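The values are calculated or read from the model by the stated rules, or taken from the named source; none is laboratory data. From a predicted model like this one, the values you see are computed outputs, not experimental measurements. Ideal geometry is used to build each Cβ from the backbone, glycine not excepted, and the neighbour counts take in all protein chains shown.
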């Protein structure tokens, strides 16, 4: 029945800060940016390596996330990287703090976490 994940929707508290983070720090490609006057809301369609993956929304006064990361619902987004050390170095060069590197006890692969501007947990997972 399912063919794959179509996209991930994220609601941000400050559109211009989150737009800059996802396009300039994470270097996601803008496919389409729409301002929806009736909702006073932006919708930004973003791609990674040409594949549509994220819808970034702005809404007036969205509620804050309940807790991090153990609230019901989405726990985190994970991005695969070839070289974890290089990816961490690039984030840190843009003043993005990362957690200490961990090793997945099941796969033996290395990973770390960092946050978007709204403190949404993001993971880098070394392939």
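Remarks
- Annotation: of all residues in the stretch 1-34 being loosely packed, with under 12 Cβ neighbours inside 10 Å and more than 25 Å from residue 98 (Cα to Cα), the one that is modelled with the lowest pLDDT is 2.
- Among (1) more than 15 Å from the chain's Cα centre (by Cα); (2) at pLDDT 95 or above - the single one residue 91 does not satisfy: (1)
- Selection of the stretch 103-127 for residues being under 19 Å from residue 90 (Cβ atoms) and outside any loop (DSSP other than H, G, I, E, B) yields 110, 111, 112, 113, 114, 115, 121, 122, 123, 124, 125, 126.
- Among the residues of the stretch 72-102, those that are under 22 Å from residue 8 (Cα atoms), outside any loop (DSSP other than H, G, I, E, B) and either in contact (Cβ under 8 Å) with a residue 40 or more places away in the chain or in the same structural domain as residue 48 (by TED's automatic domain parsing) (or both) comprise 77, 78, 79, 80, 81, 91.
- Top-ranked residue in the stretch 71-88 [being at pLDDT below 95 and out of contact with any strand residue (DSSP E or B) (no Cβ under 9 Å at 6 or more places or on another chain); ranked as surrounded by the most Cβ atoms within 10 Å (Cβ to Cβ)]: 71
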